[in-house]
Amino acid sequence: MDMPATKEATAPAEPVATGTESDVIIETRNLTKVYRDFWGRQKVRALKALDLEVRRGEIFGLLGPNGSGKTTTMKLLLGLLFPTSGRALVFGKDASDVAKNERIGYLPEESYLYRFLNAEETLDFYGRLFDMPAKLRQERIRELIGMVNLGWARRRQLKEYSKGMARRIGLAQALINDPELIMLDEPTTGLDPIGTREMKDLILRLRDEGKTVLMCSHLLADVQDVCDRIAILYQGELKELGRVDRLLTVQDVTQIQARGLSPEAQAEIRQVIAQHGGELLSMDNPTSTLEELFLNIVRDSEARPGRRAQEKR
């Protein structure tokens, strides 16, 4: 549900382009957010001139340590905050246009659900908020409860749910309106390893169904498993942007896998492999981990503040 926001003084908005929607679902242009104290003095610059695009049908990861601007970015996109300068566009419309939220599903880091309702009543309540017809609402409720594997607990009050169960019903609530864009803030919080795997499989399934997913997470392995592209923020600035596979490839090292070679032949190059009758299985660049990339970017940002990212393609 939308929350009230206090609008700061900004420059007049530019007209929004009309016409056929492009494959860019989210676009930010020089997006900046400064939090001020009671007297209007700058307190925190939470976001500094953020430029990025999220494209239709991809899973995009927004990463960064606490205080890096991830949650601020999501709230700006939802229209819960207003930018100090710059623009955020969602579906080609200004993010302050709350009508676009009908096409968005949002799972916050902490799900605020009514504890005395059960799973069916919870989803029915949110379905009514979207004016869904009763028959469609009931079909959607059955489908989503099955999707998040809570059929056995569908009539238990949410106050009896574990944190992981509440997380799953929170995801179902975010999907009740069959959204085109799904925004997930720490989606695997509170889940055990099995639940985490199921959540990641659900996110991949949503992409396969043509949905666009924007997710924040501190669990880098989860992001590495599911995201197509990522943006890494540090102290409000964009430090890295690109495809996960490209960012993690170690370009200056070559990795060779072969079968049937003697120990003497293992250290030799491609031509020698063929001479020894070995079968070359692969020859490519090894990859790093997202954790290593993330920590290196944080260290580099501390050593060289102000460096701006360019997308790795």
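The table for this structure:
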item	result
Residue check for T28: among the β-branched types (V, I, T) and either surrounded by fewer than 19 Cβ atoms within 10 Å (Cβ to Cβ) or within 14 Å of D185 (Cβ to Cβ) (or both)	no
Close pairs (9 angstrom Cβ cut-off, 6 or more residues apart or separate chains): outside the structural domain of K239 (by TED's automatic domain parsing) and among the β-branched types (V, I, T) in region 58-70, surrounded by 24 or more Cβ atoms within 10 Å (Cβ to Cβ) and assigned to a loop (DSSP other than H, G, I, E, B) anywhere	none
Those residues of region 37-77 which are assigned to a loop (DSSP other than H, G, I, E, B) and in contact with a helix residue (DSSP H, G or I) (Cβ under 6 Å, 6 or more places away or on another chain), in sequence order	G64
Total residues in region 97-122, condition closer than 28 Å to F82 by Cα and of a type in the set (D, E, K, R)	6
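The values are calculated or read from the model by the stated rules, or taken from the named source; none is laboratory data. As the structure is a computational prediction, the values presented were derived from the model and not from experiment. Positions of Cβ are backbone-derived with ideal geometry, glycine not excepted, and every protein chain shown enters the neighbour counts.
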